[in-house]
Structures are given as C-alpha cells and as structure tokens.
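Trainee: Let me give you the structure first, and then I'll get to my questions.
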Amino acid sequence: MNRRLFEHIRHQFRLDLHGIHGIAHWSRVQYFGLKIAKEENARPDVVKLFALLHDSQRVSDKYDPEHGNRAVAFAHEIRGELFDLDNHGFDLLCEALAEHSNGLTEADVTVQTCWDADRVDLGRIGVYPNTKFLCTSTAKDPAFIHRAWAMTRYADKPLNNFVINP
Ligand SMILES: [Fe+2]
C-alpha cells in the first residue's frame, strides 16, 4: 500500500475518520488480516488493499448494504492509477469487497482471510466475535478471538504498526 492511495481514500471518505468504520478500524483489519494470512498462506497484498478499501465507500455507519459493491466500483476506478494488482488478485479483492458484509464463509482462502480480519474487529462496538461467522481455523481459534477482543474492546486509535509506505 502506498501513501497516495491512503491519502486518496482518506480524503474522499464521507464518514468520521475517527468513527467505527474509520482509520483505526482499517489499521486493525490490516493487522489481523496479515496475521491470519501468514498462517493460512493467503495473499497479503490483497489483504492490505481490502483493509483500506472495504469500508471506504460507506455512506452510513449503520445499515449500508451497498457499500461493498460501491467499494468494488471504486477499486476499478483507481486500479492502475493508485495501486497495481494482477488479474487473479484483483478478482479475489473484488469478491472480498462485494461480499464482506453478507455473512458468507465459503470462498478462496484469501477472500476468507479478508472477511475474518473484518469480523474479528468487533470489540470496538462491544460485540465478541462469533466463530459461526468466521471462516479460517486461525481466526476461529479461541485464543486468537480473545486476543482480538482484548485489543479492540477499548481501541479508538490506529495501531502504531499500520503499514503505509511513502
Ligand atoms: Fe469493516
């Protein structure tokens, strides 16, 4: 991920950047996603893009069923200009974006990793992650869920290790 991409997404974001779908959330989705990706042999490049893009087109912090599809359209618009990804990786990214809030669990492991990274970051709204909605054995591990809960329960700042390359 690069600084230009991050800045572009940040500037067009319609909601509160410090809200429940803002930068702190993006940073933890990246963190959890890279941890899961390492264990599951998923693609970290796709996971990093998912973390930045998946909630980028929200128009509400509440029910917003089309935000995944809008994120797909946005990804098409900026691909090649603000990020590069091979066709297979882009297909995975688009599937992960389109379906991330639809409760599915069956998909390619990279897509599953993206979904799990988002679904374990629920402590910020006081919800303990439920294994029923998780896909990978890494994310379903009770110790992993507990660590995620502990990290997210009172978290409101982006993680220090949020990776944005200049
Ligand atoms: Fe999210």
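Trainee: Per-residue accessible area for residue 48 at 1.4 Å probe radius, Å² rounded to 10?
Mentor: Residue 48 exposes around 50 Å² with every protein chain in place.
Trainee: I would also like to ask the following. Throw me the Rg/Rh for the chain, computed over C-alpha atoms with Kirkwood Rh, two decimals. Don't jump to the answer; show the numbers that get you there.
Mentor: On the way: Rg = 14.3 Å, Rh = 15.6 Å.
With Rh from the inverse mean 1/r over Cα pairs, Rg/Rh is 0.92.
Trainee: Here's another thing I want to ask about it. Given 0.36 nm per residue, what is the gain on full extension from residue 133 to residue 7 after removing their alpha carbon distance, in nm? Could you put the intermediate results ahead of the total?
Mentor: Details: separation 126, 0.36 × 126 = 45.36 nm, distance 3.15 nm.
Result: 42.2 nm gained on full extension.
Trainee: Next question. Please give the FRET efficiency for residue 150 paired with residue 105, using the beta carbon to beta carbon distance and R0 = 22 Å, rounded to the nearest 0.05.
Mentor: Details: r = 24 Å, r/R0 = 1.09.
FRET efficiency, residue 150 to residue 105: 0.35.
Trainee: Is it possible to state the helix-based mean residue ellipticity at 222 nm for the chain, with each DSSP H run of 4+ residues giving -39500 (n - 2.57), the sum divided by total residues, to the nearest 500 deg cm²/dmol? What is it?
Mentor: Details: 8 runs with 89 residues, N = 166.
Value at 222 nm, helices only, nearest 500: -16500 deg cm²/dmol.
Trainee: Still on this model: When ligands, DNA and RNA are left out and all protein chains stay put, how many square angstrom of accessible area per residue does segment 3-152 have with a 1.4 Å probe? Kindly include the intermediate steps, with their values, before the conclusion.
Mentor: Details: 6860 Å² over 150 residues.
For segment 3-152, the per-residue accessible area is 46 Å².
Trainee: Taking 8 Å as the Cα distance limit and 6 or more residues as the minimum spacing, I'd like the relative contact order of the chain as a percentage.
Mentor: On the way: 244 pairs, mean separation 50.5, N = 166.
Contact order relative to length: 30 percent.
Trainee: Tell me, how many Å apart are the Cα centres for segment 85-146 and for segment 1-52?
Mentor: Centre-to-centre (Cα) distance: 13 Å.
Trainee: Counting only protein heavy atoms and a 1.4 Å probe, tell me what percentage of segment 3-152's accessible area is made up of carbon and sulfur.
Mentor: Working: 3480 of 6860 Å².
Ligands and nucleic acids excluded, carbon and sulfur give 51 percent.
Trainee: In the neighborhood of residue 65, defined by Cβ-to-Cβ distances under 14 Å, what is the net charge if each Lys or Arg adds +1 and each Asp or Glu adds -1?
Mentor: On the way: positive: 58, 62, 70; negative: 55, 61, 64, 66, 99.
Around residue 65, the surrounding residues sum to -2.
Trainee: With +1 assigned to the C-beta of every Lys and Arg and -1 to the C-beta of every Asp and Glu, and no other charges, what is the dipole magnitude of segment 3-152 about the Cα centre in debye, to the nearest 20? Write out the running numbers ahead of the final one.
Mentor: Values: 18 positive and 22 negative charges, 118 e Å.
For this selection, approximately 560 debye.
Trainee: If I ignore ligands, DNA and RNA and count only protein heavy atoms, how much of residue 14 is accessible to a 1.4 Å probe, in Å² to the nearest 10?
Mentor: Solvent-accessible area, nearest 10 Å²: 130 Å².
Trainee: Moving on to the next point. Using θ = phi - 60° and the Karplus relation 6.51 cos²θ - 1.76 cosθ + 1.60, list the HN-Hα couplings for segment 85-92 in order, rounded to whole Hz, with x at every Gly or Pro.
Mentor: 7, 5, 4, 5, x, 5, 4, 5
The values are calculated or read from the model by the stated rules, or taken from the named source; none is laboratory data. None of these values were measured; they are calculated from a predicted model. So basically every Cβ, Gly included, is an ideal-geometry build from the backbone, and we count neighbours across all protein chains shown. These accessible areas exclude ligands, DNA and RNA; they are computed on the full protein's heavy atoms, side chains included. Shrake-Rupley method; radii C 1.70, N 1.55, O 1.52, S 1.80 Å.
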